[in-house]
1. Which count do you get for residues in segment 97-123 that are in a loop (DSSP other than H, G, I, E, B) and in contact (Cβ under 8 Å) with a residue 24 or more places away in the chain?
2. Going residue by residue through segment 54-69, is there one that turns out to be surrounded by fewer than 16 Cβ atoms within 10 Å (Cβ to Cβ) and among the small types (Gly, Ala, Ser)?
3. Go over the candidates Leu229, Leu272 one by one and state the one that is surrounded by 13 or more Cβ atoms within 10 Å (Cβ to Cβ) and either aromatic (Phe, Trp, Tyr) or part of a helix (DSSP H, G or I) (or both).
4. Quick check: is even one residue across segment 345-355 touching a helix residue (DSSP H, G or I) at 6+ places or on another chain (Cβ under 7 Å), part of a helix (DSSP H, G or I) and under 26 Å from Val205 (Cβ atoms)?
5. Could you figure out which of (1) touching a Lys or Arg at 6+ places or on another chain (Cβ under 8 Å); (2) within 30 Å of Tyr298 (Cβ to Cβ) isn't true of Ile178?
6. Go through segment 307-331 and report how many residues are part of a helix (DSSP H, G or I) and in contact with a helix residue (DSSP H, G or I) (Cβ under 9 Å, 6 or more places away or on another chain).
7. Within segment 369-390, is even one residue modelled with pLDDT under 90 and part of a loop (DSSP other than H, G, I, E, B)?
8. Quick test of your reading of the structure: Glu8 fulfils all but one of (1) in contact with a helix residue (DSSP H, G or I) (Cβ under 8 Å, 6 or more places away or on another chain); (2) more than 21 Å from Pro159 (Cα to Cα). Name the failing condition by number.
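The values are calculated or read from the model by the stated rules, or taken from the named source; none is laboratory data. Everything quoted here is computed from the prediction, not taken from an experiment. Cβ coordinates were reconstructed from backbone atoms using ideal geometry, including for glycine residues, and neighbour counts include every protein chain displayed.
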Amino acid sequence: MLAYRAGEQRWLHRTEIRRSYGYVEITERQVGFRLTRWLYALCWTGTDRPSVLFERAVTWMVTHKVLLPGCSTLERYIARLRSRVEERLWRSLSRGISGEQQEKLENLLVVPAGSRTSPLDRVRTGPVMVNSRSLVLALVRLSSVRELGIRLPAAARIPATRVAALARYAGTAKVGAILRLPHPRRLATLVAFAHCLEASAQDDVLEVLETILRELFGDAIKADRKARLRSLRDLDQAAATLAGACQMLLDTGLPDGELRTRLFEKIPRTTLTQALEGVQSLIRPADNVYYRELDAKYRTVRCFLPALVENIRFGANAAGEPVVAAFDWLRVHMGRKKPGNDAPREVVGNSWRRHVLRDDDTVHFHAYIFCVLDELHTALRRRDVFGRQAGVMPIRAPAYSMAPSGKPPGRSSAGPWDYRPIPSRR
């Protein structure tokens, strides 16, 4: 056995065993091409660690009867392949970025004199409280992100997972660590962060807005209930007066000609009038929208509404289109002293109609604002209305899943997965 191990016969036997069982060398061009294309696709569409890629490559070679190369050979090959994929990702993200945009992105990492935080730290910090001031600050943050003007071309076909991974790193890493990155990677990281930050900043705005609207209308209901409890004694007195009048009205023993005289002798006209006015002021309709209590909060709404209509664009399904049309009308007329009377009225329901439309068929602007906000709150909860990023092309994820054979369906050529031979282990 020792002589066989030291001799050359074992190499001949290896060739015969490989020929008999159908094993191939990894250095063969067709085999190396298929493995390269498969691993390239895994690196391009995912964020697997090198150890995971190593295990998957070994599994692929065992499945396809490929003789395993040395561990260090395969490790170096995977490292080179991942480096090529990352360089392509950085080039794709940096393509189309102007010099002015690069300067804006680089300035995010510069700490101003007299400050302890960089613009990047301020931009990536979302709202921590729920009030009108936090909503305004969130809208300012969204506007500053949009001023960067970062748009990824749809033709780049960059996987969303790779862009999200770079954005997560920029969202958590220290500014010094980002500054130490090579320039292509640093620029690509900032581009991915700015692209993803617009969506997350807009989501933060909508979350704060939905909470503020819920508290606004909830507080109006609570205020109305407290007011009714305080006026319950007055309501009881007025109701008792009217009950006495109705009792005399229903008394069949009183002749109709003497009814009004006997009634006003028992209950004076002024007392009856005051009781009727008191009941009319205290009763609430079944579809009450609590406009009186809401109108007392108009100054709070006025703090954030101009910035909201200026920076947020909504999309909607068929059920939410009237809400979006009314919101767009507010964007045009919010800054005017005398808004027009051409407001979309499809959003005005029966419960709001008596508050929004005056007797001369003109629109009460304050009531219309609360009507739109009420319908917007309902549409957001029902997902009939959603935030839309104007001018942003979505990141296109790959439309296929890579099979172990290394050949994605619908791809007739290798494309960017160009073949480079794997060096032999001998």
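1. So the count comes out to 5.
2. no
3. Of the residues listed, the single one that is surrounded by 13 or more Cβ atoms within 10 Å (Cβ to Cβ) and either aromatic (Phe, Trp, Tyr) or part of a helix (DSSP H, G or I) (or both) is Leu272.
4. Yes, because at least one residue in segment 345-355 is touching a helix residue (DSSP H, G or I) at 6+ places or on another chain (Cβ under 7 Å), part of a helix (DSSP H, G or I) and under 26 Å from Val205 (Cβ atoms).
5. Unmet for Ile178, out of (1) touching a Lys or Arg at 6+ places or on another chain (Cβ under 8 Å); (2) within 30 Å of Tyr298 (Cβ to Cβ): (2).
6. So the answer is 16.
7. yes
8. The number of the failed condition is (1).
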